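Readers should treat all values here as calculations from the given coordinates under stated rules, not as data from a laboratory. Please read all numbers here as calculations on a predicted model, not as lab measurements. A quick note on method: Cβ atoms are made from the backbone with ideal geometry, for glycine too, and the neighbour counts reach across all protein chains shown.
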Amino acid sequence: MKKIFFSLLLLIVFSFPSSSFAQEKKTAILFYADWCPHCQKVEAYLKSQGFFEKYDIVQLNFDESKNKELLGKIFASKGKTDGAGIPALVVDDQLVTGDQPIIDQFSGMIENSKGTAKQYIESFTDVKTQVTPGAVKMEVPLAVLLLAALADAANPCALAVLILLLATVISAKGKNYALLSGFMFSLAIFLSYLLMGFGAYKAITIFNVAKYLSLGAGILAIIIALANFKDVFWYGKFFIMEVPLSWRPKMQEIIRSATNPWSAFGVGFIVSLFLVPCASGPYVSILAKLAEKVDPAKTIFLLMFYNLVFVSPMILITLAMYFFNIKMKKLEAIRKDNLRLLHAITGLIMLLLGIYLIYTRV
């Protein structure tokens, strides 16, 4: 038993990225606009060279009046009175404009910089418009991330899988093994979705499709919302927003093969693939938004937070089974009785998420 707990602890510890101990990065300020092809060329270059990961590049949208005014002041301080233009790069107190000059000079400028770009920018602003480390392009509000994770957590698919797993292990080995199996299963789902999410995030950033995918994810979120509302009023008609019926016998067979914590861990990874059709909508929407700002170190922690919320009902059910002696048959009956409510919650959250994604892209 102690060996299992120790192994579980090691898995959790090593799931945290070492990037959290990274040193402070050198800073640059980049003024851009989504409609500007020269800005897109600079952004593509910075991504291809891995500069977003290596340096702290604060991106300020030129379409925002305060940023346009700020850049105008910087241009005026350099004796340029014919108007501000983008893309424009600030490193320390140096200003470079135009896509090719920025591409040619960026590496040398940033390597030799003193890291004073933010202080230089702040000298042109008042207290209300100071540039801070959080003033970067397309941040995902934590409330939006939490809502999407709750929509995933409310999905009845994963809950049904865990309840079946716990019932199987209890009948074979008892409550102690069921407790560990529930934790190991939840950990496997957590790690599997974390790896899949970060892999998808990297693919989106490499191919530079985040700006298009975000709008598409917003439309997809609304479609998923409507499909869940369909299950509220006409459950079982045409299709259901759960694991496809044709997949269920095979999935149940795999779950029933788990009779100890380690097999539950392996089953968790396998079952996570079955859950993709019914539990990936909110995840894809958030990944599309996260990929609009290339910051792998921060993204990995946001994805960890998302997936911790996603598996929290699994952990709570496992604890309830062990400490309160709640029977799995009773939990399954409660789940089935509230299927429409769960779909309603998921549908409402997905509708709000879809509106948010579209609103921030249009």
Exercise for the section: Compute the distance in nm between two label points, each set 7 Å from the Cα along the Cα-to-Cβ direction, one at Ala44 and one at Ile219. Expected result: 2.2 nm
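For the ranges 42-48, 111-117, 235-241, what's the packing order if you count other beta-carbon atoms within 10 Å of each residue, average per peptide, and put the highest first?
Numbers: 42-48: 17.7, 111-117: 15.3, 235-241: 13.4.
The most tightly packed comes first, giving 42-48, 111-117, 235-241.
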Problem - Estimated FRET transfer efficiency when R0 is 22 angstrom, pair Gln100-Trp35 (beta carbons, to 0.05) - result: 0.70
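Students often get this wrong, so check it: of Lys78/Lys118; Lys175/Lys237; Lys237/Lys289, which have C-alpha atoms separated by over 27 Å? Walk me through the numbers before you get to the answer.
Details: Lys78/Lys118 17 Å; Lys175/Lys237 38 Å; Lys237/Lys289 32 Å.
Distance filter (> 27 Å) returns Lys175/Lys237; Lys237/Lys289.
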Completion exercise
The simple spin-label model distance between Trp247 and Lys80, using points 7 Å out along Cα→Cβ, in nm, is 5.2 nm
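From the convex hull of the Cα coordinates of region 298-348, what is the mean projected area in square nanometres?
Mean projected area of the Cα convex hull: 4.7 nm².
Report the extension gain between Asn260 and Ala172 in nm, rounded to one decimal, defined as 0.36 nm multiplied by the number of residues separating them, less their alpha carbon distance. Could you put the intermediate results ahead of the total?
Values: separation 88, 0.36 × 88 = 31.68 nm, distance 0.86 nm.
This chain segment gains 30.8 nm when fully extended.
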Problem - Along principal axes, Cα extents of region 142-359, largest first, whole Å - result: 50, 41, 30
Problem - Estimated distance in nm for a label pair at Ala203 and Phe51, the labels positioned 7 Å out from Cα along Cα-to-Cβ - result: 2.8 nm
Problem - Dipole axis of region 24-129 (+1 Lys, Arg; -1 Asp, Glu on Cβ), positive-most option in Phe31, Phe51, Ser113 - result: Ser113
Fill in the blank from the handout: One would report the Cα pair-distance distribution of region 24-129, bin width 10 Å, in %, as 15, 52, 31, 2
Problem - Shape category assigned to region 67-122 from the gyration tensor of Cα positions, a/c cut at 1.5 - result: oblate
